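Okay, structure first, notes after.
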Amino acid sequence: MDETIEKRRLFITADDRTGSLEIGGIIASEGNPVPVGPLADDLQCCVVDLVSRHISSEAAFIKVLEAHQRKADYRCHKMDAGLRGNWPHEIHALVELGYRVAVVPSFPDAGRRCKDGIVYIQDVPVLESPFGADPLTAPCSSRPMEVLEEANCIFDEVVVWDANDNAELDRATRRSLNEDRVLVGPSGAVGSYAAHLLGERRPASIRLSQPMLVVCGSLNATSRDQLDRLDCERLKLDAPISAFDGVRVVATPIPSGEITNTMAEAMAQSVAEAVQNAQVDVATLVIVGGDTVAACVGDKTLQVIGTVEAGIPVSNYEGSALVTKGGGIGTAASLQNIVESALET
């Protein structure tokens, strides 16, 4: 962390790597990449991944408490659109620091919205969506207020606002800014807040190329369905990856029985090792799953340049384009669209 930066314009924290990169992609513009990572910093705007999704609630509380003691004019925190993770306790840390908080659990462009206090994923309440079946961190309710109550994190300083479409999201994030509240929400909400503060920017022109390697350590049903729709060669996880043309896929097998955090981390690490041992230079690397992204890139600060689809950002990474996608992000055709957009080189 560069402590020569006395005060940042907009300081953003996130609970996982893919979410932090999503925010960077939304805020980035032509000629203005956004630094993202556990050690990211910048005078104008940066997104710091706290890696707090799968740790204890006490540890997540401390991480937010420590991170948001850094000086900044404005600040946000990214929570999961599917209400998973430690976000109630992360909000508690913000309240402990003296901030008022607005929770706006909405990202309409990615099919996430909040109406009458209920969060929907692709028009289905969270608990009826793949997020509700998450083997590690499924929420107790589709209502954010009930999740806060279950976690014993109800505070007078915290409000939850609906945003059923982009117009409502725009009004909610503007209100948060006007009322001097820390905005807590998924990537789309944080991006909307940043647009009010930093102004609309011209999106960067992004072109993906082949050869493209798609790697997946996510067990989310959405991502597995997206993978199943790809018509390309699949490589075994322990097989060497040598030079190829076109598109190849490497994915962890889906285990039977209960899945623990330790198992999920081990699977993500196995995919990362397959990428690191690959004897090939690819033009585009697509990584699916937050734990997998973190395992592959480590603590490196990535320069995020934009998005290829709502919630799916692109970064510059070791001479290649890096596309990162959260497990539950995208439509059924998202990976197909990414593959088909890649030009043969």
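What is region 212-341's relative contact order, in percent, from Cα pairs under 8 angstrom and six or more apart in sequence?
This gives 33 percent for region 212-341.
What percent does the relative contact order of region 8-198 come to when contacts are Cα pairs within less than 8 Å and at least six residues apart?
Reported relative contact order: 24 percent.
Apply the a/c threshold of 1.5 to the C-alpha gyration tensor of region 123-178 and tell me whether it is rounded, prolate or oblate.
oblate
Going by amide H atoms built from the backbone, whose H comes under 5 Å of the H on VAL286, apart from near neighbours?
Answer set, sorted by chain and number: LEU213, VAL214, VAL215, VAL323.
If you build the Cα gyration tensor of region 62-116 and take the root of 5 times each eigenvalue, what three semi-axes come out, in whole angstrom, biggest first?
23, 12, 10
Any idea what the relative contact order of the chain is, in percent, if you count C-alpha pairs under 8 Å spaced at least 6 apart?
So the answer I get is 21 percent.
Could you give the nm distance between label points at GLU179 and GLU265, where each point is 7 Å from its Cα heading toward the beta carbon?
Placing both labels 7 Å beyond Cα along the Cβ direction yields 3.8 nm.
To test your reading of the geometry: what angle, between 0 and 90 degrees and rounded to tens, separates the Cα axis of helix 187-198 from the longest principal axis of the chain?
The answer is roughly 60 degrees.
Could the peptides 238-251, 100-113, 78-91 be put in order, highest first, of the mean number of other beta-carbon atoms found within 10 Å of their residues?
Highest to lowest by the protection proxy: 78-91, 100-113, 238-251.
Post the alpha-carbon centroid distance, region 166-211 to region 271-345, in whole angstrom.
Centre-to-centre (Cα) distance: 22 Å.
From the P(r) of region 8-198, can you give the percent of Cα pairs sitting at distances over 21 Å?
43 percent
Could you state the angle between the C-alpha long axis of helix 17-27 and the longest principal axis of the C-alpha atoms of the chain, as a value from 0 to 90 degrees rounded to the nearest 10?
Tilt relative to the chain: about 80 degrees.
Can you compute 3J(HN,Hα) from phi for each residue in region 301-314, using the Karplus curve 6.51 cos²θ - 1.76 cosθ + 1.60 with θ = phi - 60°, rounded to whole Hz and x for Gly and Pro?
7, 9, 9, 8, 10, x, 10, 9, 6, 3, x, 10, x, 10
Report, in deg cm²/dmol and to the nearest 500, the calculated mean residue ellipticity at 222 nm for the chain, where each DSSP H run with n ≥ 4 adds -39500 (n - 2.57) and the sum is divided by the residue count.
So the helix-based figure for the chain works out to -9000 deg cm²/dmol.
Of the lysine pairs in the chain, how many meet both conditions: Cα atoms under 22 Å apart, and a spacing of 8 or more in sequence or different chains?
Going through the chain pair by pair, I get 11.
Which value, in nm² and rounded to one decimal, describes the direction-averaged projected area of the C-alpha convex hull of region 32-78?
3.6 nm²
5 Å is the cut-off here: which amide hydrogens, built 1.01 Å from N in the peptide plane, fall below it relative to ALA72, excluding neighbours closer than 5 in sequence?
Amide H neighbours of ALA72, under 5 Å, 5+ apart: ARG8.
To the nearest 20 Debye, how big is the dipole of the chain about its Cα centre, given +1 on the beta carbon of each Lys and Arg and -1 on that of each Asp and Glu?
So the dipole magnitude of the chain works out to roughly 500 debye.
Please give me the summed charge of the neighbours of GLY117: other residues whose Cβ is under 11 Å from its Cβ, Lys and Arg +1, Asp and Glu -1.
-1
Can you compute the radius of gyration and Dmax for the chain, using only the Cα atoms, both in Å?
Using the Cα atoms of the chain, the pair Rg, Dmax is 18.9, 58 Å.
Could you list, bin by bin from short to long, the percent of Cα-Cα pairs of region 212-341 in 10 Å steps?
Percent of pairs per bin, in order: 13, 48, 35, 4.
Would you kindly derive the ³J(HN,Hα) couplings of region 94-101 from the backbone phi angles with the Karplus curve 6.51 cos²θ - 1.76 cosθ + 1.60 (θ = phi - 60°), listing them in order in whole Hz, with x for Gly and Pro?
These are the phi-based 3J(HN,Hα) values: 5, 5, 4, 7, x, 8, 8, 10 Hz.
Every number in this text was worked out from the coordinates using simple rules, so none of it is lab data. What you are looking at is a predicted structure, and each value in this text was computed from that prediction instead of being measured. Positions of Cβ are generated from backbone atoms using ideal geometry, with glycine treated the same way; all protein chains shown enter the neighbour counts.
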